[in-house]
Every structure is written in structure tokens, then in C-alpha cells.
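What follows draws every value from the coordinates through simple rules; no lab data is involved. Given the structure is predicted, the values throughout are model-derived calculations rather than measurements. Here the Cβ is made from the backbone with ideal geometry for all residues, glycine too, and neighbour counts use every protein chain on show.
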Amino acid sequence: MPTVNGAQFDQALAIGRPPNVVRLFPNSRALLVSGKVIDRALMAKGQAMTMAANGRNYFVIRGALQAAQRANAAIIIEIARSEGGAGAYCAVNYWNMARLVDALCNELAIMVPVAIHADHYGIKKPADLGFARQEIPTMFEAGITSIAIDASHLPDVENLQANIALSSCIPGWASLETEVGEIKGSQGLSTVDEALFHIQGLNAHDIFPDWIALNNGTTHGIEASAQGIQVGLTAAIHEQLARYGISGAQHGTSGNSSDRLREIAAQTRTTKANVATALQMISWGLEVNDYGNAQLDGDRNFIKVPGEGATEEMWQEMVSYARAREWKIGDYKKLNLPFETKLMGQPAAIRERMARRVEDFVYRLLVEVFNATDTAPLAVEAILAAGSYDLGPKAVRLEDPTEWTEARCRARAATLETDKGPAGNFDD
């Protein structure tokens with residue numbers, strides 16, 4: 001297994017951490033990097049993607065970092081706006097996540113590169129842009145190194161205009177993810193035409209996203225969709241976007257079998273795979289299947305594995321809390337915020353087994369499914385080759401800006417044939 005030697009790591013540490021990270025953690029030994037570094041490492045390996053682990057609690061973050069170290073894999077720790085924004089249901093948020101990751105990397109002697117990603121920064125209406133211009137810079141001040149602008153809830157032209165409007169809030173060295181199509185399962189699937197419209201419009205404005213997320217047939221949450229990820233659709237869209245140098249970001253991996261996820265890694269340009277709900281359930285000690293879906297008993301209650309995750313007493317307290325509020329099983333994610341301190345107050349052996357369970361699950365995915373093994377040295381090589389924390393864009397401007405004025409964008413969008421699927425709240 002190739003490894004990063006001490007001298008290489010020290011050099012990468014000296015030049016590879018972005019300015020916001022250096023300012024926050026001047027004496028740190030944690031290699032927190034732009035998501036561009038992670039993407040380039042997975043591209044260099046080929047037919048590989050790494051996990052973007054939604055750090056809904058401390059144990060998920062700890063376990064994911066330990067798994068990445070074991071696998072010698074570059075990794076992303078992320079949180080979505082609904083999970084960790086101003087209206088968060090998790091204790092981990094946009095403003096403390098980098099601090100948690102940095103502290104854990106130093107405590108655990110983690111030597112793999114880690115990106116800190118603000119996922120699903122949602123723009124639901126044009127009026128949201130004013131607040132976003134204020135809030136996004138504060139997230140980078142707090143150590144974020146990568147962001148996903150998700151205006152996919154809007155019509156295609158408004159989605160494009162929102163991404164253009166917010167581009168000035170994002171440092172040039174940071175990685176950018178953009179999204180076409182809300183994640184709605186088998187409905188409202190993304191098309192080649194709308195993905196091209198979006199990426200070409202951004203390209204004309206000198207905006208070069210590192211990743212694109214699509215509605216390619218998957219869902220967020222704990223329930224498996226009937227169809228899952230459409231690998232062929234994903235590959236077709238990625239192929240049409242290839243000359244724009246964009247990689248794929250796969251959302252909603254929970255609910256898709258290991259075989260299907262292997263196909264995504266092998267047959268598409270995907271380098272980033274989000275995993276959220278499964279990791280939360282695993283940390284709590286619930287039974288999950290190969291798909292990462294929590295299993296239910298005959299009464300549609302979660303199945304707690306004895307001696308795994310939280311204590312049985314703690315789990316019963318969590319269940320009672322949810323039932324008192326008449327929460328459905330999909331609402332159990334809201335337990336993260338009120339129970340973070342209670343879970344942290346359990347004995348050390350319990351806390352360790354919670355993180356270890358996450359570690360084992362993440363390690364299996366990184367090694368046996370995502371093909372991410374040994375991508376950490378490739379990330380370090382990318383930093384050293386660039387001689388900087390800023391790897392620059394993967395593409396150049398190919399589109400004529402005069403053909404992509406706002407008026408012409410609106411005219412083009414009017415010719416697109418798209419199906420946005422049903423209305424509703426489809427956040428993470």
C-alpha cells in the first residue's frame with residue numbers, strides 16, 4: 001500500500017491548507033484541504049469515488065475519519081443546510097464542523113487529506129440570495145473548504161442565475177458543487193439538455209464547478225426507492241459534460257446496493273458519494289442492511305442491536321422522546337440535536353463502540369465498494385504538483401459570454417423540455 005512519508009506530509013501541510021484553515025488552526029497537523037484536492041485524487045485513480053460523510057453527530061465524524069485513515073483514502077466531511085444551517089436539527093453545523101474535524105484529526109493522528117463541505121446550501125426562491133450573500137462568507141470564515149449551491153428547486157434559468165449571483169461569495173480556491181434536479185427518486189429525472197444548459201451557462205461566466213449533482217433516480221432518507229440510481233442516465237449526462245471538466249456528485253447513496261454503487265464508480269465520472277442517514281443509524285446501534293437502510297420489525301419500529309451503538313437505555317429514551325412528539329420514522333433524524341450531549345455523556349466504552357461501528361461500515365464502503373483505497377497519496381501528490389492549496393479549475397471557458405446574457409439564458413430555458421416532478425420538501 002503506498003503511503004505518504006513524513007516529509008511529503010509536512011510539505012503538503014505547509015502549502016496545501018487554504019488561508020481560512022491556516023488562520024483558524026495555525027499550529028494544526030490536520031491536512032484540511034479544498035474539495036478540489038479530493039476530486040483530483042479520485043480522478044487520478046480512476047473509476048473511484050470517495051465518501052462525503054454527513055457528520056450529523058460527533059461519532060459519525062470520528063468513525064469516518066478513522067475509516068479513511070485505515071483505507072489510506074482521501075475523504076470529505078459534510079453537513080447540509082437543513083442538518084447544520086440556521087434551522088439545524090443537528091449539533092454539528094456549518095460553523096463548528098471544521099473545528100470538530102481539525103480537533104479529531106490531531107487527536108487521532110489522521111494523515112489523510114480531508115475536505116470540509118457545506119452540502120445542499122439551498123436557495124428556494126430568488127429572495128433567498130440576499131441572505132445567502134451574507135451567510136456564505138461566514139461559513140468560509142469558520143473553515144468550510146467546499147460548498148454545494150443547490151438552487152435545483154427553482155426553474156432551470158433561476159437555478160443558473162442563482163449560481164452566477166453567488167459565485168462571488170465563494171473563494172476561487174474552494175471547490176464548488178452545483179445541482180440540476182431535486183432528488184426525488186424516479187420522478188423529475190434530470191436530462192442531458194438541462195444539465196448542458198446549466199454547465200454551459202456557468203462556463204460562459206467563468207464558473208467551473210468541480211461536481212454536478214443530478215436527480216438520477218435516487219432518494220434521500222431511510223427508505224429504498226423502487227428503482228434507485230439510474231447508472232445509464234448518469235453516465236450519459238456525464239459524457240455530454242466531459243469537455244467541461246466536471247465530475248459527478250452522487251446524492252442519496254443509502255438505499256442503493258453495493259453492486260449498484262460499484263457500477264456508479266466504474267461506469268460514470270462520479271468522484272463524490274454522499275452518505276448520511278445510514279451513518280446516523282449505525283452510530284446509534286440500529287440494524288441496517290447492505291443498502292444502508294435501517295431495518296424495521298413487524299410493527300415498523302427500528303431494530304436496536306444489543307450491545308451495539310448507544311446503550312439500550314439511551315435508545316429507549318430516544319424512542320420515547322420521538323413518540324411523545326408523534327414523529328414518523330423519517331423524523332428520527334431530529335433526535336440528533338437534543339441527544340448529542342446525552343450521547344456524549346455515556347461511558348467511554350460506549351462512545352468508542354458508536355464510532356467504531358461507523359468506522360467499520362465506512363471502511364467497507366471505501367475499500368470494497370467505492371474503490372477509494374490509497375487515494376490519500378494521490379491527493380498529496382496533487383498538492384505538491386500544484387505547489388499550492390489552489391489547484392485551479394479543471395476547465396477553460398468554452399462558451400461565448402455574449403450568447404449567455406440573462407435575456408438569452410431565459411430564451412434558451414424556454415425551449416427546454418423538462419419534468420421537475422412533484423412539488424414538496426425533498427431536503428436531504
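As a calculated quantity, the FRET efficiency between Arg23 and Asp206 at R0 = 30 Å, using C-beta atoms, amounts to about 0.65.
For the chain, a Gaussian network of Cα nodes joined below 10 Å ranks Leu279, Leu214, Leu233 by mean-square fluctuation, and the top entry is Leu233. For segment 6-413, the residue among Ala44, Pro377, Leu160 whose Cα projects farthest onto the positive side of the dipole built from Cβ charges is Pro377. When His117, His238 are sorted by how many other C-beta atoms sit within 10 angstrom of their C-beta, beginning with the fewest, the order is His238, His117. Remark: segment 6-413 carries a charge dipole of roughly 420 debye about the Cα centre, counting +1 on each Lys and Arg Cβ and -1 on each Asp and Glu Cβ. Among Arg17, Arg243, Arg99, the largest mean-square fluctuation in a Gaussian network model of the chain (Cα springs under 10 Å) belongs to Arg243. Please tell me which of these pairs span more than 24 angstrom C-alpha to C-alpha: Lys304/Lys333; Lys45/Lys272; Lys272/Lys328; Lys304/Lys328; Lys125/Lys394; Lys36/Lys125? Over 24 Å apart, Cα to Cα: Lys272/Lys328; Lys125/Lys394; Lys36/Lys125. The GNM of the chain, with springs linking C-alpha atoms under 10 angstrom apart, assigns the highest mean-square fluctuation among Val112, Val367, Val33 to Val367.
Placing a label point 7 Å from the Cα of Gln346 along the Cα-to-Cβ direction, the residues of segment 79-96 with a backbone N closer than 19 Å are 90-92.
Restricting the GluC sites (Glu not before Pro) of segment 276-360 to loop positions (DSSP other than H, G, I, E, B) with no more than 11 neighbouring Cβ atoms within 10 Å leaves Glu326. Centre-to-centre separation between the Cα atoms of segment 133-155 and those of segment 374-421: 16 Å.
Summary of the geometry: segment 56-93 and segment 30-55, compared by the centres of their Cα atoms, lie 14 Å apart.
Here the relative contact order of segment 6-413, from alpha carbon pairs under 8 Å that lie six or more residues apart, stands at 24 percent.
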